[in-house]
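The values are calculated or read from the model by the stated rules, or taken from the named source; none is laboratory data. All values derive from a computational prediction rather than experimental measurement. Here Cβ is always computed from backbone atoms with ideal geometry, including for glycine, and neighbour counts include all displayed protein chains. Accessible surface areas use protein heavy atoms only, side chains included; no ligands, DNA or RNA. Shrake-Rupley method; radii C 1.70, N 1.55, O 1.52, S 1.80 Å.
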Amino acid sequence: MTEKLLGPLRTRPWPERWLTRVLGAALSGAAYLLCLPWDLRNRPGATGSITETTSVTVLGAVLLGVALLLLAAYLGRRDALAWPLLLVAGPPAALMYLSFHSHPEPPDAAVWPLTWAFFTLVVAAGVLIATAVARRYRAADWAKSEGSWDSGGSSGSGSSGDSSDEALSLARWW
């Protein structure tokens, strides 16, 4: 059962691979919709007030970050490097763009493109870091289970057979 849940997606049948990827993208979008409000504009705190407040809470942003990092780590452990970036960072970026773009602002206050670009880069960087960390653990776990050079499978004599085994192990890792 753990092989099915934690094993590499490239060894699974294509319907299972794509179902896992679609489910990952759906979970990413659902986490964004549950943790952040749809309307992200600042508003006056009270009628006639010059102090603005936002509808985004710290708790919502932290929960979204944790959910996206966990999802990126899971998909990064199972799939190729580019998939978690597309599946985990893509839906929140698209939803944030739609949220910002659906509410017209006056031309002098249109900072949403910069805000969207900044937060998209922050989410993408977090996803890439979580994916890279998960891939390190994936390599160690799969090397142990396959008996490759990490777990003492090669003698270290430097012959051409050992170096090709090492190259093959590194290729499986990436």
**Prompt:** So residue 163 clears everything in (1) surrounded by fewer than 18 Cβ atoms within 10 Å (Cβ to Cβ); (2) at pLDDT 60 or above except one condition, right? Which one?
**Reply:** (2)
**Item:** Among the residues listed as 70, 40, the single one being modelled with pLDDT of 75 or more and surrounded by fewer than 19 Cβ atoms within 10 Å (Cβ to Cβ)
**Value:** 70
**Residue list for region 113-137, filter: open to solvent by less than 70 Å² (accessible area, probe 1.4 Å), within 11 Å of the chain's Cα centre (by Cα) and free of Cβ contacts under 8 Å to residues at least 40 places away in the same chain** = 124, 125
**Message:** Anything in region 114-154 that is touching a helix residue (DSSP H, G or I) at 6+ places or on another chain (Cβ under 9 Å), modelled with pLDDT of 70 or more and more than 25 Å from residue 82 (Cβ to Cβ)? List them, or say none.
**Reply:** 115
